[in-house]
Amino acid sequence: MRGDAEIFSKAELPSDCWQEAAEANHDEMYVGDCGAFGEETELWCDGFCIADSWLDCCDPKAGAIAALTMGCFFAFVGALFTAAWIFKWWCFKKPNALMLQAMANQLQQRAMAAGHMQSPVVVQMQAPVAK
């Protein structure tokens, strides 16, 4: 039952609920539904809930709440593992020989421009041999 439930008086009940309303010593009647995470209690009669509070009209559905909680948990854990796998792949991937050569040349050019080197040093790299 949602918090915006409508309150009715006993005079507005359908005729077949009059007896139940007379026997139940509750002050209010509500109309509405319990939603996806609640189930109706025994206080319902033809779409009306005869209770002291709208909180008494619905019991929580433990299965639906547990399924949603576990689904969110597994989605979060899956997102963490995916992020860790992407981070590992991106940050710790082995650089290839062309990338290392380009980095070495760029460092040489910066060192020469700053006046730290007089003449360029030739750096040759070989690709790793597969075993």
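Laboratory data are not the source of any read-out in this text; all were calculated from the coordinates shown. Since this is a predicted model, take the numbers as computed values, not measurements. Cβ: placed from backbone, ideal geometry, glycine included. Neighbour counts: every protein chain shown.
Karplus-based coupling profile of region 57-71, in residue order and whole Hz: 7, 10, 9, x, 8, 5, x, 5, 5, 5, 5, 5, 4, 5, x, with θ = phi - 60° in 6.51 cos²θ - 1.76 cosθ + 1.60 and x standing for Gly or Pro.
What residues of region 48-92 lie in the reach of a label at Ala36, counting those whose backbone N is under 19 Å from a point 7 Å from the Cα along Cα→Cβ? What the label zone holds, given the 19 Å backbone N cut-off, is 58-76.
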